[in-house]
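Below: one structure, written as structure tokens.
The values are calculated or read from the model by the stated rules, or taken from the named source; none is laboratory data. Please read all numbers here as calculations on a predicted model, not as lab measurements. Here the Cβ positions follow ideal geometry from the backbone for every residue, glycine too, while neighbour counts run over all protein chains shown. Calculation scope for accessible area: heavy atoms of the full protein, side chains included, ligands and nucleic acids excluded. Shrake-Rupley method; radii C 1.70, N 1.55, O 1.52, S 1.80 Å.
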Amino acid sequence: MLDHFVIENPKRRPDIAAGRDEWYPYYAGFSGAFARRLIQSAGLRQGSTFLDPWNGSGTSTAAAVASGHRAIGFDLNPVMAVVAKARLLPNIDAPSIAPFLSDIMKRSARQHITAEDDPLLTWFAPSAAAEIRSIERAIHGPLVCADRASKSIDAASGMSSIASFFYLALFLTVRSLIGRFKASNPTWVTRPATLQSRVRPGAAEIRSIFRQRVSAMSASIIAEPRESHLANVECRVAVNSSEKLPIDANSVDLVLSSPPYCTRIDYGVATSPELAVLGLKMDTQLRELRGRLIGTPTIQDSPRLPDPTWGPACNRFLKQVAQHPSKAAKSYYYKTYVQYFGAITRSVSEIARCIKPNGNCIIVIQDSYFKGIRADLATIFTEIASAKQLMLSRQVDFPMSRTFAYINTKSRSYRPSSTSVESVLCYTKR
Ligand SMILES: C[S@@+](CC[C@H](N)C(=O)[O-])C[C@H]1O[C@@H](n2cnc3c(N)ncnc32)[C@H](O)[C@@H]1O
């Protein structure tokens, strides 16, 4: 069943990827070529409805739009909503980029916005933070229709693709300026130890990098074949939790998604410089977001209990973690896993509700390890899905040599082998 779906290795290939696929190389993303071939091969009628409830950098929604399908993508992290929207900028809009850029540069030069609590001050000296904020406000002013007061998290949902395009260029500018705070762990960003060690680029340098990023992104749009980006296809990308989807029951034809990893990757901290550009307060709003993201290493105030309906594989894994002799196994790690599987189950229930009968759901998932104990995520996910009427029709496994389990260097010594498996799981709703 579902043999006609073309399933290639989902692993990103930065060596061959180009254009929009590489604007924001998201460590958690799958490959654009994989998503495009899979969606094209699904045999959906034009105008079918596609959903990605963990949309990340928007690889799948961009592929669905390119195939002429109505696409819906949600991510709880506003940074990812902005990145995904930027990727959807129709290529017929390319001629408007230069006039918008010139307007943004003019208006930002006329203002100098300083605020003592600007989250950019985490990495930047005050004059540099003020310059970046002036550019950000110049993008926000005319291009974002959301209420100015409700900036940061909600504003990302109301942003147009053209506004998101410039925000993405500003994210990349900030990243290049704070390169020295990149940690060896690619999902972590460090902070300056003292106020004096914050970066202090001049206004001319900031403005020049921003211009360069805009022109590089713009050049990759101009290089695309004219018909490759359909301007009249409906696409909705917004900030929303997969645990409660604002979509009608039985309305989605196809889901292609990859859930947050089960390796305590902190997606909030990983994108904290971009969240600072969006204006999120680092001590309050970032903390709140981190607590809500699935897979967070932080423990919620009221941790839930495991549920027998999560299936035998999940409950067996949780029992093994709880019984592990290490000190933190029961007091910390066990709680993060219970949180994770609870949130995944609530999300799968929502996904299943939205899919039409006989509609399909394709999930890309990696196994992971806790101190040598394997979390067989493919089996666990399949057991959770089958309890929600999503029945496994096909599974394709790809061995991987390097996984996110490896990002946590402390866990290496416990790993039984250096390989792991990434599975593409195809479900049909009964
Ligand atoms: C593995 S990534 C998806 C990557 C995506 N396939 C791509 O190609 O870019 C999982 C995403 O889930 C998001 N996420 C975490 N918790 C979420 C939640 N409760 N609701 C929606 N998205 C969430 C994370 O921010 C992350 O971007």
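Can you pull the percent of Cα pairs in segment 94-226 with separation above 24 Å? Distances greater than 24 Å cover 32 percent of the Cα pairs. Computed over protein heavy atoms with a 1.4 angstrom probe, the accessible surface ordering of E205, E422, E116, largest first, is E116, E205, E422. Solvent-accessible surface of the chain, averaged per residue with a 1.4 angstrom probe and all protein chains in place: 42 square angstrom. The fraction of accessible area contributed by carbon and sulfur in the chain is 52 percent, rounded to a whole number (1.4 Å probe; ligands and nucleic acids excluded). Every helix of 4 or more DSSP H residues in the chain counts as -39500 (n - 2.57), and over all residues that averages to -11500 deg cm²/dmol at 222 nm.
Heavy-atom accessible surface of M391, to the nearest 10 Å², is about 70 Å², with a 1.4 Å probe and all protein chains retained. Between segment 10-54 and segment 245-264, the alpha-carbon centres lie 15 Å apart. Ranking R45, R107 from most to least accessible surface, computed with a 1.4 Å probe over the protein chains only, gives R45, R107. For the chain, the longest principal axis of the alpha carbon atoms and the long axis of helix 32-41 meet at an angle near 60°.
Please give the helix 126-143 orientation as an angle from the longest Cα principal axis of the chain, in degrees from 0 to 90, rounded to the nearest 10. Once rounded, the angle reads 80 degrees. With respect to the chain, whose longest principal axis is taken over its alpha-carbon atoms, helix 377-386 is tilted by about 80°. Of L170, P260, P192, which is farthest towards the positive pole of the chain's charge dipole, taken about the Cα centre with +1 and -1 on the beta-carbons of Lys, Arg and Asp, Glu respectively? The residue sitting most towards the positive pole is P192. Computed over the Cα atoms of the chain, pair by distinct pair, the Kirkwood hydrodynamic radius stands at 22.4 angstrom.
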